[in-house]
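The values are calculated or read from the model by the stated rules, or taken from the named source; none is laboratory data. This one's a predicted model, so the numbers in the text were calculated from it and none came from an experiment. Every residue, glycine among them, receives a Cβ derived from its backbone with ideal geometry; neighbour counts consider all protein chains shown. Accessible surface is based on the protein model in full, side chains and every heavy atom, while ligands, DNA and RNA are left aside. Shrake-Rupley method; radii C 1.70, N 1.55, O 1.52, S 1.80 Å.
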Amino acid sequence: MKTWIAFWSILRKDMRTYYLKPPNISWGIIFPLAWTLMFFVKTGAGFGDIRSILPGVMALTILFGTTSMLAVTVTFEKKGRSFERLLLAPIPLEVLMLAKTSGAIAIGAANAFVPVAMAAFCTDLSGVTWWQMVCAAVLLSVSSTFLGLFIAIAAREVFEAQTFSNFFRFPMVFLCGLFFPVAKLPVFLRPLSYAFPLTYGTDLLHGAVNRTAQMPGWLDGAALAGSCAVLFVFSLRAVRRKWIA
Amino acid sequence: MAPETSAAIAVESLAKRYGDVQAVAGITFEVGGGEVFGFLGPNGAGKTTTINMLTGLARPDSGRISYHGQECTADVKRAQHLMGVVPDESNLWPELTGHDNLVFCATLYGMTRRDREERARELLAAVGLKDAAGRLFAGYSKGMKRKLAIAAGIMHRPGILFLDEPTTGIDVASARQIRQMLVELGAAGTTIFLTTHYIEEAERLCDRIGFIVDGRLVCVDTLENLTRELEGRHVVHLTLGSDAGRFIEPLRARFPNVAFEAVGGCVVRARTAAALPLAPLIRFFEEQGVDVMEARVMRPSLEDVFVRVTGVAAERIRKEKEQGGGKGGGA
């Protein structure tokens, strides 16, 4: 009971002080809008094509939103040493890190539905497998948040965390099958592509929206769940090694 | 839990190395329940590393840590509910108000809504921040931040309180108020583990004092026992009507059994193992045509013990800390 009081309190504080601030909310709206407009400018396509780019925009919104949020909140608190107070609290480290990431996960998943809401006004979304879309958004949000956490632990400054994030984010964006199908990538790049959780998240979203997934849904889901577990365990180990040294 | 008779904190052969530096080299001590224990040493001696190991922010390389007889070296987290920590920096959340910071800290220890609200009100009043409760922590002065940090450390009514340099770099009035709070906490039975570089602070607050130098605990005892060792030494301070420095060599030549040094601008410190008659000294200065404004026989202080044990002048440590920590509050 006491642990859960602490969990909810950390989550609520982070929501109030970091996530539900105007810059974050406007980012959540502007980012998907900008990606969608870029697509239309580049291809000259009409609104009818929104459905084809929707999985990509959702995936990018989640990836950039969650990794940026963790880079700020965890690194900022570590630098100001307020994170030490959390480490001194009698709550298990696993619960503490889940509390610190839950806000980003929730906001990341919610942000993913901003482009869906926009698309709903422009095109017909019938035939979308909603439960699969929700599962994909949540799983991708969890894995991206944990990736952001892992990066934030390695950084000392917020700008360092943002820079490190880009070393992961951009290769993932170009190799996850969003712009080029994975099957058409050079053979030596394909293993790398399959190592990224974004590849499975995007594929699951393609399956949910357009039924054009390249892999079975269960495989995408399992790969995403596996990457969440691996990233979380690695993050906990990094915290213990670096911050409780 | 263990019986009341066991020490609140027991440390045995605790060691920690960072790369080539042996930060803490096998220290052993106990702190009794309700005791105020001072932990003194020069900068970099291992004070903060020791606190970090005791509170779970650092892992010891070897040794044992027990709280109330319960060993928890490998998992200090099990004992974290017993302790409150006030680190050397006031590390609360700048974007929360004073009140919200306290309430948030209380939730980390699982306190119920009613309990934490009542306790926050009580502590804000106790530390004189009632009127500033609704202001953001970021806008607080250094002294206000320190007081709130201490309030946050005791929100959950811990039995053991760790304080790392609680009065460094704050104004005199705030420092005095904090010391009063610590006296009251000690009187109420809270075990206090205090590091400070203000020797007078340790002298005034602590039941026992441990000196750590280069990671080694060189002595632990009560103030009375520590100063008793020096009671055989006689120290006299003579305040002159002119600069003291130029008389040191002639004094040494005239009184070879007495150690002389200039302290500040006009004070000569004379030290000797035997009782020191003042008349020959005063006569010496009369011959030199210099007035002796004041002659004081000095009692051995904790500062003398500190200098003897650490080989470092307490004044130097104080200045170093204050340069690093802003304007000093003094003791």
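Before moving on, here are some points about what is shown:
- Accessible-area value, residue B:71, 1.4 Å probe, nucleic acids and ligands omitted, Å²: 70
- For region B:113-173, the fraction of C-alpha pairs more than 15 angstrom apart is 52%.
- For the listed residue pairs A:78/B:147; A:2/A:100; A:2/B:142, the alpha carbons are over 25 angstrom apart in A:2/B:142.
- Shielding score for A:225-231, defined as the mean number of other chain Cβ atoms within 10 Å: 0
- Computed FRET value (nearest 0.05) for residue A:33 with residue A:174, which takes r as the C-beta separation and R₀ as 30 Å: 0.90
- Apolar share of the accessible surface for the protein assembly as shown: 59 percent from carbon plus sulfur atoms, 1.4 Å probe.
- Extension gain, residue B:141 back to residue B:13 (0.36 nm per residue minus Cα-Cα distance, nm): 42.1 nm
- Accessible surface, 1.4 Å probe, highest first, among residues A:74, B:172: B:172, A:74
- Extended-chain gain in nm, criterion 0.36 nm per residue less alpha-carbon gap, residue B:253 and residue B:299: 14.0 nm
- Segment residue A:167-residue A:190, extension gain: residue separation times 0.36 nm, minus the distance between their alpha carbons: 6.5 nm
- Residue of A:223, A:89, A:110 that the Gaussian network model of chain A assigns the largest fluctuation, springs spanning Cα pairs under 10 Å: A:89
- In the protein assembly as shown, the DSSP beta bridges split such that about 70 percent are antiparallel, to the nearest 5.
- Protein heavy-atom accessible surface, 1.4 Å probe, per residue over the protein assembly as shown: 44 Å².
- Listing of region B:52-85 residues, each with accessible area lower by at least 30 Å² in the full protein assembly than in the chain alone (probe 1.4 Å): B:57, B:59, B:77, B:80, B:85
- Cβ-based charge dipole, chain A, positive-most Cα from A:55, A:188, A:101: A:101
- Computed E for residue A:25/residue B:81 - FRET, C-beta separation, R0 41 angstrom, nearest 0.05: 0.65
- Taking Cβ atoms as reference points and 12 Å as the exclusive limit, the residues near residue A:155 contribute a net charge of +2, counting Lys and Arg as +1 and Asp and Glu as -1.
- By accessible area with a 1.4 Å probe, ligands and nucleic acids excluded, highest first: order of B:190, A:3: A:3, B:190
- The protein assembly as shown - mean residue ellipticity at 222 nm from DSSP helices (-39,500 (n - 2.57) per run, n ≥ 4, rounded to 500): -17000 deg cm²/dmol
- Computing FRET efficiency as 1/(1 + (r/R0)^6) for residue B:237 and residue B:74, where r is the C-beta to C-beta distance and R0 is 45 Å, gives about 0.30.
- A Cα-only calculation for the protein assembly as shown places Rg and Dmax at 31.4, 110 Å.
- Within chain A, the whole DSSP H helices whose Cα atoms reach 24 Å or more along their own axis and whose mean Kyte-Doolittle score is at least -1.0 are A:22-43, A:50-79, A:93-122, A:130-154, A:158-175, A:217-242.
- Against the criterion of solvent-accessible heavy-atom surface with a 1.4 angstrom probe, B:242, A:126 sort, most first, into A:126, B:242.
- Heavy atoms of residue B:246 accessible to a 1.4 Å probe, total area in Å² rounded to 10: 140
- The long axis of helix B:98-108 is offset from the longest Cα principal axis of chain B by roughly 70 degrees.
- Per-selection metrics, chain B (Cα): Rg and Dmax in Å: 23.1, 76
- For the residues B:254, B:271, B:179, a GNM of chain B with alpha-carbon springs under 10 Å puts the largest fluctuation on B:254.
- With a cut-off of 19 Å on the backbone N, the residues of region B:291-312 near the modelled label site 7 Å out from residue B:275 along Cα-Cβ are B:295-300.
- Region A:36-141: radius of gyration over Cα atoms, expressed as a fraction of 2.2 N^0.38 Å: 1.38
- The B-A contact accounts for roughly 2700 square angstrom of buried accessible surface, both chains included, probe 1.4 angstrom.
- For the residues B:187, B:295, B:106, a GNM of chain B with alpha-carbon springs under 10 Å puts the largest fluctuation on B:295.
- Degrees, to the nearest 10: B:314-325 long Cα axis against longest axis of chain B: 40
- Accessible area of residue A:118 in the full protein assembly, 1.4 Å probe (Å², nearest 10): 50
- Projected label distance in nm at residue B:30 and residue A:1, using a 7 Å step from Cα toward the beta-carbon: 3.6
- Comparing Cα centroids, region B:77-101 and region A:6-74 end up 33 angstrom apart.
- Region A:124-139-region A:199-233 distance, computed between alpha-carbon centres (Å): 12
- With both labels modelled 7 Å from their Cα along Cα-to-Cβ, the residue B:187 to residue A:130 distance reads 6.6 nm.
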